[in-house]
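First the structure, in the form of structure tokens, and then the observations on it.
The values are calculated or read from the model by the stated rules, or taken from the named source; none is laboratory data. Nothing here was measured: the structure is a model prediction, and the numbers come from that model. Using ideal geometry, Cβ is built from the backbone for each residue, glycine included, and neighbour counts are taken over all protein chains shown.
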There are 2 protein chains.
Amino acid sequence: MSRFWSTTASSTDPYVPGEQPQKQNIIKLNTNENPYPPSPKVLTAIREGVNESLRLYPSPTADDLRRTAGEFFGLSPNQVFVGNGSDEVLAFAFQAFFEPGETILFPDITYSFYPVYAKLYDLNYETVPLNEDFSVPVEKFLNAPGGVIFPNPNAPTGLGLSLAQVEYIVNHNRDRVVIVDEAYVDFGGQSAVPLIQKYQNLLVIQTLSKSRSLAGLRVGFALGQEHLIEGLNRIKNSFNSYTLDRLALIGAKAAIEDVEYFQSTTEKIITTRKRITSELRNLGFYVIESQANFIFINHHQLPAKKLYEDLKEQGIYVRYFNQSRVEDFVRVTIGTDEEMDVFLKAVREFLRT
Amino acid sequence: MSRFWSTTASSTDPYVPGEQPQKQNIIKLNTNENPYPPSPKVLTAIREGVNESLRLYPSPTADDLRRTAGEFFGLSPNQVFVGNGSDEVLAFAFQAFFEPGETILFPDITYSFYPVYAKLYDLNYETVPLNEDFSVPVEKFLNAPGGVIFPNPNAPTGLGLSLAQVEYIVNHNRDRVVIVDEAYVDFGGQSAVPLIQKYQNLLVIQTLSKSRSLAGLRVGFALGQEHLIEGLNRIKNSFNSYTLDRLALIGAKAAIEDVEYFQSTTEKIITTRKRITSELRNLGFYVIESQANFIFINHHQLPAKKLYEDLKEQGIYVRYFNQSRVEDFVRVTIGTDEEMDVFLKAVREFLRT
């Protein structure tokens, strides 16, 4: 605490990201990174961009990247906003569309950055309890006084809503913005992008960190009707004219263009997830049916925290949330088949002790 | 205007950056970029970083870069904050240290992003009129109710304050944060960094965009006592855990380490600035004595706006501010000697017509 801090700085409750150990030779299954490298075309494109043009500012409007993203999603460039990771895009969206004094809704078990944004922008929020099985009680998200945000699929559960369920929520909040955070949608979820032309109040947020293996490049998107994108631009252009550097712009464009690589790595992860889900169930684990690149698992005989700590000692990092309702679970990112076999072996040994 | 925008999104008044024409073969003297490429060591380091590690998140705390910057500035790593360009760092600082309802002070002629930040965070501000000769009336910045921010050297004038003048302002605002924005300090200004250990309330902001030729990489710094850096981290970690991508972290570190290259390119620019200042004065221009990598010039016979437009038609971009008190000036970034000779030739021809 310092007497020089503003009320905002004093009262906010910063987010704590998963550990980013700098050690080599660990198996990192704790922050939902993609186990496969970025597309070779991305690396080539970035390498070509490492030249003297770095002395010049990047494009403040990122036209080229927005055009490419628009083509991929079937939208116009003016329906696309790009930012420094979906975290930055989410922050801008909270500030652009949610009003202090009006209560926004999100699930009680969800991405733990949402309440942090709410504090930063002095927003009221209510958390809606998920059902016993962690499914989303859709009817409780209707007519939200200040707006709605939820991930689809949800994190850390991995459970997804159908397009019809998402539309139901969007359609019953016509006067408020509904933000669908699709960070993990490419691993088996149903995207709400096809609803954008129909609903003025729908904002979809995606990222290249997961399905394009580019967590280290920091590129996220918002997709929605032009008036929403303009709202985001008003905030962004009051904050930082150039949020994406030249290399991020180049790499992001190449990543979106390489559809084939994206599809093949995504499918590999889905295949591995299915295999691991089934093997863990055979070992007596309760594994929530995931549509994401992670699984959320629980074993009635095993203390989750102990499993997390035991794995960490062996250099296998998974994520444990010390939070009511999920303290018996660990979240495990889907790695390569080889990594998951090491993980499974360690779990089997843990079960024996 | 959209009914979905928050009060903040509706009422903010976004910054408009200088033009970033995508054309080739122009002479770009409008956004204070460095005419020399980044250090070859920077390009090599970044190229080596373009590999599969991009699938992993960057370090959220940027320890390695903060250590390097700390060594360069003679500070501890905990007295260094890094962000996505000094614009982002400034935004965080406005939110962390200035309180809505308390009036902050900055010059009437200065970096035009300051009032934009103030609007974004709902801050009251008063602009202090510069003296007739654009020098800063130091005594008017004492005992500011909500804090102070000014660039040193100032933009777009290029005029600098001495270290004693800066200290006088800092010392007479002991209960409020004084932010010294040193984006251009390496081109002849006096940095306030040596005052940091002495003053709890001093925050110095710098950037790699100008003196390290890295506008395209987006890296800025804040330097100050640990409690101020912690305040910035509280805001940043409530906004985006990873504001600098892996390549920016690598490139920034290499740029700070290559002191020799930095000094030689900076000296070249200072030498060119002196020559051009003197040549323009011989042509009858009023040229403010600049300590930055740009000059602010006026000619009693020439309409500045017409000069700006005429130069632009010839592919020479300079900056014109349509703002009271400076509407008879253009701001010209110092380019290479060759670029400045083309500029001078065009100006001479313009004078003849």
Item to check | Condition broken by A:Pro14, with the remaining ones in (1) without any contact (Cβ under 8 Å) to a residue 60 or more places away in the chain; (2) not in a helix (DSSP H, G or I) satisfied | outcome: (1)
Checklist entry - If you scan region B:205-235, which residues turn out to be more than 10 Å from every other protein chain (Cβ to nearest Cβ) and assigned to a strand (DSSP E or B)? => result B:Ile205, B:Gln206, B:Thr207, B:Phe221, B:Ala222, B:Leu223
Next on the checklist: Please go through region A:308-353 and give me each residue that is closer than 13 Å to A:Thr157 by Cα and charged (D, E, K, R), ordered by number.
Outcome noted: A:Arg319, A:Arg325, A:Glu327, A:Asp328, A:Arg331
Checklist entry - Among (1) modelled with pLDDT under 95; (2) closer than 19 Å to A:Pro153 by Cα, which single condition is A:Glu102 missing? => result (2)
Item to check | Subset of region B:143-173 [away from chain A (no Cβ under 14 Å), farther than 19 Å from B:Val116 by Cα and of a type in the set (A, V, I, L, M)] | outcome: B:Leu159, B:Leu161, B:Leu163, B:Ala164, B:Val166, B:Ile169
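Please specify each residue of region A:295-306 satisfying the condition of being touching a Phe, Trp or Tyr at 6+ places or on another chain (Cβ under 6 Å), farther than 20 Å from A:Ser135 by Cβ and hydrophobic (A, V, I, L, M, F, W, C). Break it down stepwise before answering.
Residues of region A:295-306 that are touching a Phe, Trp or Tyr at 6+ places or on another chain (Cβ under 6 Å), as a first pass: A:296-299, A:304-305.
Still in the running and farther than 20 Å from A:Ser135 by Cβ: A:299, A:304-305.
Once the filter is applied, which keeps residues that are touching a Phe, Trp or Tyr at 6+ places or on another chain (Cβ under 6 Å), farther than 20 Å from A:Ser135 by Cβ and hydrophobic (A, V, I, L, M, F, W, C), region A:295-306 yields only A:Ala304.
So, in region A:322-345, exactly how many residues are among the basic types (Lys, Arg) and not in a strand (DSSP E or B)?
Let us first name the residues in region A:322-345 that are among the basic types (Lys, Arg), namely A:325, A:331, A:345.
This time we only want the ones that are not in a strand (DSSP E or B), so: A:325, A:345.
Matching residues across region A:322-345 total 2.
Can you find a residue that is under 18 Å from A:Leu228 (Cα atoms) and either modelled with pLDDT of 95 or more or in a strand (DSSP E or B) (or both) anywhere in region A:129-147? Walk me through how you get there before you give the answer.
To start, the set of residues in region A:129-147 that are under 18 Å from A:Leu228 (Cα atoms) comprises A:146-147.
Filter once more, so that each one left must be either modelled with pLDDT of 95 or more or in a strand (DSSP E or B) (or both): A:146-147.
Within region A:129-147, one or more residues are under 18 Å from A:Leu228 (Cα atoms) and either modelled with pLDDT of 95 or more or in a strand (DSSP E or B) (or both).
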Checklist entry - Looking at this structure, is A:Lys119 over 26 Å from A:Lys210 (Cα atoms), surrounded by fewer than 22 Cβ atoms within 10 Å (Cβ to Cβ) and under 20 Å from the mean Cα position of the chain (by Cα)? => result yes
Checklist outcome for this item: Considering residues that are touching a Gly at 6+ places or on another chain (Cβ under 8 Å) and of a type in the set (Lys, Arg), the number found within region A:1-53 is 2
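Taking B:Thr277, is it at pLDDT 95 or above, over 20 Å from B:Ala192 (Cα atoms) and outside the structural domain of B:Asp63 (by TED's automatic domain parsing)? Full working, then the answer.
On the way: at pLDDT 95 or above: yes; over 20 Å from B:Ala192 (Cα atoms): yes; outside the structural domain of B:Asp63 (by TED's automatic domain parsing): yes.
Yes.
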Checklist outcome for this item: Subset of region A:273-308, residues crowded, with 19+ Cβ neighbours inside 10 Å, in contact (Cβ under 8 Å) with a residue 24 or more places away in the chain and part of a helix (DSSP H, G or I), comes to A:Arg273, A:Ile276, A:Leu280, A:Ala304, A:Leu307
Item to check | Subset of region B:163-204 [assigned to a loop (DSSP other than H, G, I, E, B), without any contact (Cβ under 8 Å) to a residue 40 or more places away in the chain and closer than 23 Å to B:Ala215 by Cα] | outcome: B:Glu182, B:Gln190, B:Ser191
Item to check | Members of region B:130-159 that are buried (at least 21 other Cβ atoms within 10 Å of the Cβ) and in contact with a helix residue (DSSP H, G or I) (Cβ under 8 Å, 6 or more places away or on another chain) | outcome: B:Val136, B:Phe141, B:Gly147, B:Val148, B:Ile149, B:Phe150, B:Asn152, B:Pro153
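Being surrounded by fewer than 15 Cβ atoms within 10 Å (Cβ to Cβ) and more than 14 Å from chain A (Cβ to nearest Cβ) narrows it down to one residue among B:Thr110, B:Thr127; which is it?
Values: B:Thr110 fails: surrounded by fewer than 15 Cβ atoms within 10 Å (Cβ to Cβ).
That would be B:Thr127, the only listed residue that is surrounded by fewer than 15 Cβ atoms within 10 Å (Cβ to Cβ) and more than 14 Å from chain A (Cβ to nearest Cβ).
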Item to check | Options B:Leu54, B:Leu75, B:Leu43; residue that is at the interface with another protein chain (Cβ under 8 Å from one of its Cβ atoms), of a type outside the set (Asp, Glu) and buried (at least 20 other Cβ atoms within 10 Å of the Cβ) | outcome: B:Leu54
Checklist entry - Which members of region B:237-250 meet the condition of being of a type outside the set (A, V, I, L, M, F, W, C) and over 20 Å from the mean Cα position of the chain (by Cα)? => result B:Asn237, B:Ser238, B:Asn240, B:Ser241, B:Tyr242, B:Asp245, B:Arg246
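Would you mind finding the one in B:Leu105, B:Leu90 that is more than 14 Å from chain A (Cβ to nearest Cβ) and either crowded, with 24+ Cβ neighbours inside 10 Å or of a type outside the set (Lys, Arg) (or both)? Give the derivation first.
Values: B:Leu90 fails: more than 14 Å from chain A (Cβ to nearest Cβ).
After ruling out the rest, the residue left standing is B:Leu105.
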Next on the checklist: Kindly evaluate B:Gln95 against the criterion of being at the interface with chain A (Cβ under 10 Å from one of its Cβ atoms), of a type outside the set (Phe, Trp, Tyr), touching a helix residue (DSSP H, G or I) at 6+ places or on another chain (Cβ under 9 Å) and in a helix (DSSP H, G or I).
Outcome noted: yes
Item to check | Breaking point among (1) under 24 Å from the mean Cα position of the chain (by Cα); (2) within 13 Å of chain B (Cβ to nearest Cβ), for A:Gly70 | outcome: (2)
Next on the checklist: Filter region B:214-254 down to the residues that are more than 30 Å from A:Tyr114 (Cβ to Cβ) and in contact with a Leu (Cβ under 7 Å, 6 or more places away or on another chain) and list them by number.
Outcome noted: B:Leu214, B:Ala215, B:Gly216, B:Leu217, B:Leu223, B:Gly224, B:Gly251, B:Ala252, B:Lys253
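Is it true that some residue in region A:264-283 is in contact with a Leu (Cβ under 8 Å, 6 or more places away or on another chain) and of a type in the set (Gly, Ala, Ser)?
The initial filter retains those residues of region A:264-283 that are in contact with a Leu (Cβ under 8 Å, 6 or more places away or on another chain), namely A:276, A:279-280, A:283.
This time we only want the ones that are of a type in the set (Gly, Ala, Ser), so: none.
No, region A:264-283 contains no residue that is in contact with a Leu (Cβ under 8 Å, 6 or more places away or on another chain) and of a type in the set (Gly, Ala, Ser).
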Item to check | Hits in region A:160-178 - residues which are surrounded by fewer than 15 Cβ atoms within 10 Å (Cβ to Cβ) and under 18 Å from the mean Cα position of the chain (by Cα) | outcome: A:Ser162
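Which residue is nearest to the other protein chains (Cβ to nearest Cβ), if the candidates are limited to region A:174-204 and must be of a type in the set (Val, Ile, Thr) and under 16 Å from A:Ser162 (Cβ atoms)? Reasoning before the result, please.
The initial filter retains those residues of region A:174-204 that are of a type in the set (Val, Ile, Thr), namely A:177-180, A:185, A:193, A:196, A:204.
Filter again for under 16 Å from A:Ser162 (Cβ atoms), leaving A:178, A:180, A:185, A:193, A:204.
On the way: A:Val178: 10, A:Val180: 15, A:Val185: 18, A:Val193: 18, A:Val204: 14 Å.
Result: A:Val178.
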Item to check | Condition broken by B:Pro38, with the remaining ones in (1) closer than 26 Å to A:Ile229 by Cβ; (2) in a loop (DSSP other than H, G, I, E, B); (3) within 7 Å of another protein chain (Cβ to nearest Cβ) satisfied | outcome: (1)
Item to check | Any hit, region A:20-31, residues being within 7 Å of chain B (Cβ to nearest Cβ), part of a loop (DSSP other than H, G, I, E, B) and either out of contact with any Pro (no Cβ under 7 Å at 6 or more places or on another chain) or in contact (Cβ under 8 Å) with a residue 24 or more places away in the chain (or both) | outcome: yes
Checklist entry - Would you pick out the residues in region B:62-72 that are free of Cβ contacts under 8 Å to residues at least 60 places away in the same chain, of a type outside the set (Asp, Glu) and surrounded by fewer than 22 Cβ atoms within 10 Å (Cβ to Cβ)? => result B:Arg67, B:Gly70
Checklist entry - Out of all the residues in region A:1-19, which are modelled with pLDDT of 90 or more and more than 7 Å from every other protein chain (Cβ to nearest Cβ)? => result A:Arg3, A:Ser10, A:Ser11, A:Asp13
